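Trainee: Below you'll find the structure I mean.
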Amino acid sequence: MYSRLLEPPKRSFFLFGPRGTGKTAWLRHKLPTARVFDLLQSGDYQRLAAAPQRLGELIPDDFADWIVLDEIQRVPELLNEVHSLIERRKLRFAMTGSSARKLRTSGVNLLAGRARTLRMHPLTAIELGSDFELAKALRFGQLPFACTTDDPGAYLRDYVATYLREEVQQEGLVRNLPTFARFLEAASFSQGSVLNMASVARECATSAKMAENYFALLEDLLLATRIPVFTRRAKRRMTAHPKFYFFDCGVYRAIRPRGPLDVDSEIDGAALETLFLANASAINDAEELGYKIHYWRTGKDMEVDFVLYGERGLLAFEVKRAARVRDEDLAPLRAFAADYPVAKTFLLHPGKERRHQAGVEIVPMAQALPGLARILRGEKF
C-alpha cells in the first residue's frame, strides 16, 4: 500500500471520497485494531438497518478503540446513535462515505461539529513516489488499483459500469438509466470546459433541468466537480458559468467515447488539466491549506486554467498540452498578473524545459506534480 498524505485526527471524523480511492484500505492501515462495521456486507447492513440502536449493544462497555462505519450513507439513521455514543460513552468513530446525497437529503443528524470531515482523492504524484509516470497517469489516472493492476483499462471500464449498476441503479437515484448513461458520455465532452447546460441536454435528449439534476448527482456521488470563475475584485467583464471535471483522468477517459473524428489533443489536454486538479485538490485537503480552487476567464475568452486563492496567497496555473512553450502561451497568465500583481504564475507542460520568463515560472508537469505541495505551501521549488 502506498503511504497517503492524509492522517487521521484524534477525534471522530467522516471520510468522504469516490469508490476506489482507498478509504477502507487507509483505515485498516491507520486504525488496525478498530471495530469495523461494513455496511456493504449484508450481515452488518441488515442488522443495523433493521435496528440502528443495536450499534451500542454491539460495542462492549469497556471498548476504548476506534469504531469504523464503512459506507455510512447506506444507513443514515445510524448517525443518531453515533451522536449519542459520542456524548454518553466518549467513543470515537471513523465513518466513510462514497455519496453525500443520502446524508444530505435524509435530513439526518450530521453530528453538529462533533466529527471532522476529511476527503480521500486518487493517489498523488507525491504518494506514488518513484512509481509516478506522467504518461501512465494521463492514460489511466491515479486510482490505487489502476496504478497496480496489470490491466488498468479493463479495471476502469468495469469501474464505470459498477458505478452505474451499484450506486445509481440499485439506489434508485435516477429513473431512466439509459438516459443517464447517455448523459455521462455527453458530460465527458465538457471535461475542462465551461458548462453549456443546454448543449449537454440536447446531446442526451433530455431537458436542461434534468441535465442540471444529473450534474448535481455526479457531484453528490463525488464523481465530478464544478470549478467557479474567479471574480474577486475583477477589473474586466468575466464569464459566469463554471468549468466541469470528472474527478480522475482515467475515469474520464473510460467514459469519453472515441472515434475517427476525435482529436487527441482535445482529450489529452483535458486529461492533463484533470491530473493537475486531482493532485492539487488532494494536497490542499490533506494538508488543510485552505485554498479555494477557481478558474479565470474574461468576457473576451482569455483564460487561466486554475486559480488558487486563500490566506497563503494567490496562485495561477496554466496547463498546456504542447511540450514546446511559445511566447503567446504566456499571454493569459501575464494578463492575470497585470490585474493581480500579488499572484504567482506558473505554466505547466509535458516537455522537459524549465525556465522563468516574463514573470511566469515555466515547469515540466513531471517536475511540478511531485513538487506541488511545496508550491502550494509557498516554499522554494
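Throughout, read-outs are computed from the coordinates displayed, never taken from laboratory work. These numbers come from a predicted model, not from an experiment. In this analysis, Cβ positions are derived from the backbone assuming ideal geometry, glycine residues included, and neighbour counts consider all displayed protein chains.
Trainee: Take every Cα pair under 8 Å in the range 125-377 that's 6+ residues apart, average their separations, divide by the length, and report that relative contact order as a whole percent. Don't jump to the answer; show the numbers that get you there.
Mentor: Values: 374 pairs, mean separation 42.3, N = 253.
After rounding, I find 17 percent.
Trainee: Evaluate the relative contact order of the range 10-145 (contact order divided by residue number), counting alpha-carbon pairs under 8 angstrom at least 6 apart; express in whole percent.
Mentor: On the way: 193 pairs, mean separation 50.5, N = 136.
Over the range 10-145, the number comes to 37 percent.
Trainee: Mind running the shape call on the range 13-119? Use the C-alpha gyration tensor, a ≥ b ≥ c as the square roots of the eigenvalues: rounded below 1.5 for a/c, prolate if a/b tops b/c, oblate otherwise. Kindly include the intermediate steps, with their values, before the conclusion.
Mentor: On the way: a/c = 1.27, a/b = 1.10, b/c = 1.15.
Rounded shape, in that the Cα axes give a/c under 1.5.
Trainee: If you don't mind, another one. Rounded to the nearest 500 deg cm²/dmol, what is the calculated helix-only ellipticity per residue at 222 nm for the chain, with -39500 (n - 2.57) per DSSP H run of length n ≥ 4? Write down the numbers at each step before the final one.
Mentor: Working: 17 runs with 146 residues, N = 381.
After summing the helix terms and dividing by residue count, I get -10500 deg cm²/dmol.
Trainee: Please sort by residue number the trypsin sites (Lys or Arg not before Pro) in the range 125-184 whose DSSP state is loop and whose Cβ has at most 16 other Cβ atoms within 10 Å. Working shown, then result.
Mentor: Values: sites: K136, R139, R157, R165, R175, R182; in loops: R175.
The qualifying sites are R175.
Trainee: In addition: Distance from the Cα centre of the range 121-163 to that of the range 254-272, in angstrom?
Mentor: 18
Trainee: By the gyration tensor of its Cα atoms, with a ≥ b ≥ c the square roots of the eigenvalues, what is the shape of the range 220-314: rounded for a/c under 1.5, prolate for a/b over b/c, or oblate?
Mentor: Numbers: a/c = 2.35, a/b = 1.29, b/c = 1.82.
Oblate is the answer for the range 220-314, as a/c is 1.5 or above yet b/c matches or exceeds a/b.
Trainee: To the nearest 0.05, what FRET efficiency results for T149 and S3 with a Förster distance of 22 Å applied to their C-beta separation? Before the final figure, lay out each step's value.
Mentor: On the way: r = 19 Å, r/R0 = 0.88.
Rounded to the nearest 0.05, the efficiency is 0.70.
Trainee: Which residue fluctuates the most in the chain, going by a Gaussian network model with Cα springs under 10 Å, if the choices are S265, S188, S281?
Mentor: Among S265, S188, S281, the largest mean-square fluctuation in the Gaussian network model of the chain belongs to S265.
Trainee: If you plug each phi of the range 58-64 into the Karplus form 6.51 cos²θ - 1.76 cosθ + 1.60 with θ = phi - 60°, what whole-Hz ³J(HN,Hα) values come out, in order, with x for Gly and Pro?
Mentor: Whole-Hz 3J(HN,Hα) from phi for the range 58-64: 7, 10, x, 4, 9, 6, 10.
Trainee: Tell me which GluC sites (Glu not before Pro) from the range 48-137 have a DSSP coil assignment and no more than 16 other beta carbons within 10 Å of their own.
Mentor: On the way: sites: E57, E71, E77, E81, E87, E127, E133; in loops: E71, E77, E133.
Listed in order of number, the matching sites are E77, E133.
Trainee: If you filter the range 168-266 for GluC sites (Glu not before Pro), then keep DSSP loop positions with at most 15 other Cβ within 10 Å, what is left?
Mentor: Details: sites: E171, E185, E203, E212, E219, E266; in loops: E171.
Passing both the DSSP loop test and the Cβ count: E171.
Trainee: Continuing with the same structure: Please arrange T179, T274 by how many other C-beta atoms lie within 10 Å of their C-beta, fewest to most. Kindly include the intermediate steps, with their values, before the conclusion.
Mentor: Numbers: T179 15, T274 25.
Ranking T179, T274 by Cβ neighbours within 10 Å, fewest first, gives T179, T274.
Trainee: Let me ask something else. Got a sec to turn the phi values of the range 274-286 into Karplus ³J(HN,Hα) couplings, 6.51 cos²θ - 1.76 cosθ + 1.60 with θ = phi - 60°, whole Hz, x for Gly and Pro?
Mentor: Result, rounded to whole Hz: 4, 4, 4, 4, 4, 5, 5, 5, 5, 5, 4, 6, 5.
Trainee: Here's a follow-up. Calculate how many DSSP beta bridges within the chain are antiparallel, expressed in % of all such bridges and rounded to the nearest 5. Kindly include the intermediate steps, with their values, before the conclusion.
Mentor: Working: 19 of 47 bridges.
Expressed as a percentage, antiparallel bridges in the chain total about 40.
Trainee: Based on alpha-carbon atoms only, what is the radius of gyration of the range 175-268 relative to the globular estimate 2.2 N^0.38 Å? If you can, show how the numbers build up before the last one.
Mentor: Values: Rg = 14.1 Å, N = 94, 2.2 N^0.38 = 12.4 Å.
After normalising by residue count via 2.2 N^0.38 Å, the value is 1.14.
Trainee: Could you derive backbone 3J(HN,Hα) for the range 147-155 from the dihedral phi with the Karplus parameters 6.51, -1.76 and 1.60 (θ = phi - 60°), listing whole Hz in sequence and x where the residue is Gly or Pro?
Mentor: Calculated HN-Hα couplings, in order: 7, 10, 6, 6, 9, x, x, 5, 4 Hz.
Trainee: Which pairs break 25 Å Cα to Cα here: K23/K102; K320/K344; K292/K344; K352/K380; K235/K344; K23/K352? Don't jump to the answer; show the numbers that get you there.
Mentor: Values: K23/K102 19 Å; K320/K344 17 Å; K292/K344 15 Å; K352/K380 20 Å; K235/K344 18 Å; K23/K352 34 Å.
Violating the 25 Å limit, Cα to Cα: K23/K352.
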